[in-house]
Amino acid sequence: MKKLIYIFITLIATTIVAACDDSDLLSDMSGVWRVDSYEIDGVSQVGLCERTTFSFQKNVVSVVVIYDEYQTYNTVYGTWSCKDATFTFDFSHHDNNSNQGTGPYSAPAWLGMISDEPMEMTVVEHSSKGLSLEWLSPNGATQLYKLHKNI
């Protein structure tokens, strides 16, 4: 069933990427990245993190979590940027139907992320297939995210 979930996510992402002009895609970060692990102060977190993917295109990121074997899912959107060794996520956006940082623009709380302000993370490791980000949350906890590129 887990394999079916990843196939489903990959098909959706492939369709989105194929529909876009290649000039719109960033060569290194574009595509779908699966969360391999998520740690808080060195303690591995289990649950929804292994069912989560980040999809990057230009400066927009969509985060998808699949809740169960019935393909129940949630998607949230934000923006991202990277300069030198600082990777920033911003989930404080809004539209006419949603207040700032709420609804489809809320941060993925199941990963300990916040919508209050942009989150500046340190790039611990980066390659074409892997990304590790470290963030000191407002409560002083060190959070480590390890992602692996699916497509």
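The values are calculated or read from the model by the stated rules, or taken from the named source; none is laboratory data. Not measured: the values here are computed from a predicted model. A quick note on method: Cβ atoms are made from the backbone with ideal geometry, for glycine too, and the neighbour counts reach across all protein chains shown.
Can we say Asn59 is without any contact (Cβ under 8 Å) to a residue 24 or more places away in the chain and surrounded by fewer than 12 Cβ atoms within 10 Å (Cβ to Cβ)?
no
Could you count how many residues in the range 59-68 are assigned to a loop (DSSP other than H, G, I, E, B) and either within 12 Å of Gly78 (Cβ to Cβ) or touching a Ser or Thr at 6+ places or on another chain (Cβ under 8 Å) (or both)? Before the answer, list the steps.
Taking the range 59-68 and keeping what is assigned to a loop (DSSP other than H, G, I, E, B), we get 59, 67-68.
Narrowing the set further to residues that are either within 12 Å of Gly78 (Cβ to Cβ) or touching a Ser or Thr at 6+ places or on another chain (Cβ under 8 Å) (or both) leaves 59.
The qualifying residues number 1.
I'd like to verify a number: residues in the range 32-56 that are on the phi < 0 side of the Ramachandran plot and either modelled with pLDDT of 90 or more or in a strand (DSSP E or B) (or both), how many?
Residues flagged as on the phi < 0 side of the Ramachandran plot and either modelled with pLDDT of 90 or more or in a strand (DSSP E or B) (or both) within the range 32-56 amount to 17.
Of the residues Thr79, Thr122, which single one is farther than 17 Å from Lys58 by Cα, of a type in the set (S, T, N, Q) and without any contact (Cβ under 8 Å) to a residue 60 or more places away in the chain?
Thr122
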